[in-house]
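Below is one structure, written out as structure tokens; the observations come after it.
The values are calculated or read from the model by the stated rules, or taken from the named source; none is laboratory data. None of these values were measured; they are calculated from a predicted model. Because the Cβ atoms are built from the backbone with ideal geometry, glycine has one as well, and the counts that use them run over all protein chains shown. For accessibility, only protein heavy atoms count, side chains too; no ligands or nucleic acids. Shrake-Rupley method; radii C 1.70, N 1.55, O 1.52, S 1.80 Å.
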Amino acid sequence: MKKKQILLAEDDDLLASLLNYRLEKEGYDVVLKNDGKEVKNWLDGTLPDIIVSDIMMPYFSGIELVDYIRNNLKSTVPIILISSASNEENVLSAFKMGANDFISKPVSPSELLVRVSREISRIS
């Protein structure tokens, strides 16, 4: 069976490394990008099975990326947003744009794995 591909967009190098390690250890193929521009450029060529993105990133925010993916790419790929700015406005904005899930930082790698697994099981 082909590994499920996860696009992980996180500009905090330490957190990105930790999450990348845990996701790969679970058997996922992880593509790591550290800013919105890299994500957008990569998405113009391919789509992963699921996207996990920080909201606050350079160039394009996670919420802007959700808008781009849903409205420009017309994709329903599952998107989980993570953020330390988990105020009600950001959470509601994320869901209104089409995010499937939202996790507040600090992110528990175990919680992320459960949520990723749940989203992937919905599309499999």
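Per residue, how much accessible surface does segment 5-123 expose to a 1.4 Å probe? Answer in Å², no decimals. Present the calculation step by step, with values, prior to reporting the outcome.
Values: 5830 Å² over 119 residues.
Dividing the accessible area of segment 5-123 by its residue count gives 49 Å².
What does the charge count around LEU113 come to, taking other residues whose C-beta lies under 13 Å from its C-beta (Lys +1, Arg +1, Asp -1, Glu -1)? List each step's numbers first, then the result.
Working: positive: LYS4, ARG22, LYS25, ARG115, ARG118; negative: GLU24, GLU26, ASP101, GLU111, GLU119.
Every neighbour counted, the sum reads 0.
Straight distance only, please: which lysines reach the Cα of LYS3 with their own Cα at less than 24 Å, same-chain residues fewer than 8 apart left out?
Straight-distance partners of LYS3: LYS25, LYS33, LYS40, LYS74.
Given LEU81, ILE51, ALA16, which one lies farthest toward the positive end of the charge dipole of the chain, if we put +1 on the Cβ of every Lys and Arg and -1 on the Cβ of every Asp and Glu?
In the chain, that residue is ILE51.
Return the long-range amide H neighbours of PHE102 (sequence gap of 5 or more, or a different chain), with a cut-off of under 5 Å between placed amide H atoms.
For PHE102, the qualifying residues are LEU81.
Can you give the extra length, in nm with one decimal, that the chain gains between SER104 and TYR21 once fully stretched, where that is 0.36 nm per residue apart less the Cα-Cα distance? Don't skip to the end; give the middle numbers.
Details: separation 83, 0.36 × 83 = 29.88 nm, distance 1.94 nm.
The span from SER104 to TYR21 would gain 27.9 nm if fully extended.
At 1.4 Å probe size, with the rest of the protein present, what percent of the exposed accessible area of segment 49-124 is carbon and sulfur atoms? Could you put the intermediate results ahead of the total?
On the way: 1880 of 3690 Å².
Carbon and sulfur: 51 percent of the exposed surface of segment 49-124.
So how strong a dipole does segment 16-98 carry about its Cα centre when Lys and Arg Cβ are +1 and Asp and Glu Cβ are -1, to the nearest 20 debye? Each step should come with its number before you reach the end.
On the way: 8 positive and 12 negative charges, 23 e Å.
The calculated dipole for segment 16-98 is roughly 120 debye.
Please label the shape of the chain as rounded, prolate or oblate, based on the square roots a ≥ b ≥ c of the eigenvalues of the alpha-carbon gyration tensor (a/c under 1.5 means rounded; beyond that, a/b larger than b/c means prolate, else oblate). Kindly include the intermediate steps, with their values, before the conclusion.
Details: a/c = 1.28, a/b = 1.12, b/c = 1.14.
Rounded, since a/c falls under 1.5.
Rounded to the nearest 500 deg cm²/dmol, what is the calculated helix-only ellipticity per residue at 222 nm for the chain, with -39500 (n - 2.57) per DSSP H run of length n ≥ 4? If you can, show how the numbers build up before the last one.
On the way: 5 runs with 52 residues, N = 124.
Estimated from H runs of four or more residues: -12500 deg cm²/dmol.
Report the residue, chosen from VAL91, VAL107, VAL66, that carries the largest GNM mean-square fluctuation when the chain is represented by alpha-carbon nodes joined by springs under 10 Å.
Its mean-square fluctuation being the largest, the pick is VAL107.
Give me the tail of P(r) for segment 1-65 as a percent: Cα-Cα pairs with distance above 20 Å. All intermediate terms of the calculation are to be shown ahead of the outcome.
On the way: 460 of 2080 pairs.
So the portion of pairs separated by more than 20 Å is 22 percent.
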